[in-house]
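Notes to accompany the following structure.
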Amino acid sequence: MTTLSKDLAASRQFISANDAVSYGVRLCRPEVIAAYPITPQTTVVEKLSEFVANQEMDCQYVNVESEHSAMAACLGAALMGCRTFTASSSQGLLYMCEMLHYVSGSRLPIVMMNANRTVAAPWNIYGDHRDSIAMRDAGWLQLYVESAQEALDTVIQAYKVAENHQVMTPVMVCLDGFVLTHTYEVVKVPSQAEVDRFLPPYAPTENRLDLAAPKSCCISVSPEWQTEYRYKQHAAMQAAKKIIGDVDAAFGAQFGRRYGGLLEEYRCEDAEYVLLMMGTIAGTARLVVDKLREGGVKAGLVKIRSFRPFPREEIVRLAQGVKGIGIVDRDISFGYEGALGTEVKGAVQGAAPAINFIAGLSGRDVTKDNIEAMYRKVIDLARGQAEEEIQFVGLRWEQW
């Protein structure tokens, strides 16, 4: 295990979510960090560079020439048995695409943070989920967080999940750009000793290069064996469903905070109309749920925390007890609908009528009025007074 020259003590700090990620990474004791800046992720790797420069982390900090190189550096370090970290966003994540597949196919438990930002063109630095959703099939676990506290805690949980011998799959921790990454909150930072008890050192025994016993890991395979490799990746993702829940429960038992595992439900016990969403919109939606409940509407909220693996079984169970479902996407798969909408509709298979809302693209605000209007539309849908066609929230037209 690496050692810090200055061990962190438990504290409460007023920090941004990006800084919360950096503190979470520091507590996990990575041995290699590969850094390339891109808005709105930059302050994550900047803060980590400060920790290293101040000898608060015993870590190799590698400045690289591109996002592609950042992930390649992590791959090489992970193959040598090192715990690694990197971060990116938007076009940078897309530039990493080739290496994302190499990492997941090589079964390397790398953790990265993605500051969710829309992709060009038109060029824009503000947040939606189109970057990470575009990497949906890259073989990475994808966890979406709502708050700075959840960001810090999920980074710690991510290493615990990724390095589980049943999983051995990389994890992407996703934060909504600016609306979360640059928002300051009071965050409980656990002590180094507490995290050390929760997260043991990374000590791979099989998928590791050894100079004393040379071997090849990123091998080529013929068509006769490719399907078997993909099956094992899929089986690891499926196994991760339980592991994510177990790790979240264990984290809650030790630190007093947990997030529901694959998803978090809010006032869903007797809900008739529910919205499902990912990320920061859930915080605003809770206020709307409370307002609707006061008015006699049995509204509920489901925050999808894990997009990959997808919590199909939990969503199917939920759908069997409600009258109408709305799915809020911060992305659009052009020519069809939002990716989360497609996944949820495929899971429920008509058990309850469902409507897909496209909202918050490129950082556009999603207001309480917007969310209440979505609930009203779901109610209309359940009563047969609305169709299931895709809805763009807040759409406006201007003369070109």
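Please specify each residue of the range 253-291 satisfying the condition of being acidic (Asp, Glu) and in a strand (DSSP E or B).
Glu264, Glu265
Condition first: part of a loop (DSSP other than H, G, I, E, B), more than 19 Å from Lys368 (Cβ to Cβ) and among the charged types (D, E, K, R). Now tell me which residues in the range 292-311 satisfy that.
The one that is part of a loop (DSSP other than H, G, I, E, B), more than 19 Å from Lys368 (Cβ to Cβ) and among the charged types (D, E, K, R): Arg305.
Considering the range 365-379 alone, what residues qualify as being free of Cβ contacts under 8 Å to residues at least 60 places away in the same chain and either of a type in the set (Gly, Ala, Ser) or surrounded by fewer than 16 Cβ atoms within 10 Å (Cβ to Cβ) (or both)?
Matches in the range 365-379: Asp365, Asp369, Ala373, Arg376.
What number of residues within the range 212-231 are without any contact (Cβ under 8 Å) to a residue 40 or more places away in the chain and either under 30 Å from Phe198 (Cβ atoms) or not hydroxyl-bearing (Ser, Thr, Tyr) (or both)?
The qualifying residues number 12.
Please work out if Arg383 is surrounded by 15 or more Cβ atoms within 10 Å (Cβ to Cβ) and assigned by TED's automatic domain parsing to the domain that holds Met278.
The answer is no for Arg383.
Which numbered condition trips up Tyr202, out of (1) touching an Asp or Glu at 6+ places or on another chain (Cβ under 6 Å); (2) farther than 27 Å from Met80 by Cβ; (3) of a type in the set (Phe, Trp, Tyr)?
Of (1) touching an Asp or Glu at 6+ places or on another chain (Cβ under 6 Å); (2) farther than 27 Å from Met80 by Cβ; (3) of a type in the set (Phe, Trp, Tyr), only one is false for Tyr202: (2).
Only residues that are under 16 Å from Tyr126 (Cα atoms) and basic (Lys, Arg): list them for the range 71-94, please.
None - no residue of the range 71-94 is under 16 Å from Tyr126 (Cα atoms) and basic (Lys, Arg), so the list stays empty.
Rundown of residues vs (1) under 30 Å from the mean Cα position of the chain (by Cα); (2) within 25 Å of Tyr126 (Cβ to Cβ), yes/no style:
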{"residue": "Ala359", "(1), (2)": "yes, yes"}
{"residue": "Lys368", "(1), (2)": "yes, yes"}
{"residue": "Glu372", "(1), (2)": "yes, yes"}
{"residue": "Ile379", "(1), (2)": "yes, no"}
{"residue": "Ala382", "(1), (2)": "no, no"}
{"residue": "Glu389", "(1), (2)": "yes, no"}
{"residue": "Val393", "(1), (2)": "yes, yes"}
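Which of the residues spanning the range 275-311 are under 25 Å from Arg136 (Cα atoms) and of a type in the set (Lys, Arg)?
Lys303, Arg305, Arg308
Within the range 322-361, work out how many residues are at pLDDT 95 or above, of a type in the set (S, T, N, Q) and farther than 16 Å from Leu301 by Cα.
Total satisfying the criteria: 2.
All but one of (1) farther than 27 Å from Pro40 by Cβ; (2) under 18 Å from the mean Cα position of the chain (by Cα); (3) crowded, with 24+ Cβ neighbours inside 10 Å hold for Ala299; state the number of the condition that does not hold.
It fails just one condition, (2).
Scan Gly321, Gly295, Gly350 and give me the residue that is free of Cβ contacts under 8 Å to residues at least 40 places away in the same chain and over 24 Å from Phe392 (Cα atoms).
One residue alone meets the criteria, Gly295.
Residue-by-condition table, conditions (1) among the charged types (D, E, K, R); (2) surrounded by fewer than 20 Cβ atoms within 10 Å (Cβ to Cβ); (3) assigned to a loop (DSSP other than H, G, I, E, B):
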residue	(1), (2), (3)
Arg26	yes, no, no
Pro37	no, yes, yes
Thr43	no, no, no
Glu50	yes, yes, no
Val62	no, yes, no
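Restricting attention to the range 240-263, which residues are closer than 18 Å to Met172 by Cβ and hydrophobic (A, V, I, L, M, F, W, C)?
Selection gives Ala240, Ile243, Ile244, Val247, Leu262, Leu263.
Looking only at the range 1-22, count how many residues are among the hydroxyl-bearing types (Ser, Thr, Tyr) and either in contact with a Leu (Cβ under 6 Å, 6 or more places away or on another chain) or free of Cβ contacts under 8 Å to residues at least 60 places away in the same chain (or both).
Within the range 1-22, residues that are among the hydroxyl-bearing types (Ser, Thr, Tyr) and either in contact with a Leu (Cβ under 6 Å, 6 or more places away or on another chain) or free of Cβ contacts under 8 Å to residues at least 60 places away in the same chain (or both) number 4.
What number of residues within the range 189-209 satisfy the criterion of being in a loop (DSSP other than H, G, I, E, B) and over 20 Å from Val44 (Cα atoms)?
11
Any idea which of Glu314, Glu337 is part of a loop (DSSP other than H, G, I, E, B), surrounded by fewer than 23 Cβ atoms within 10 Å (Cβ to Cβ) and touching a strand residue (DSSP E or B) at 6+ places or on another chain (Cβ under 8 Å)?
Glu337
The values are calculated or read from the model by the stated rules, or taken from the named source; none is laboratory data. Treat the numbers as computed from the prediction; the structure is a model and nothing was measured. Here the Cβ is made from the backbone with ideal geometry for all residues, glycine too, and neighbour counts use every protein chain on show.
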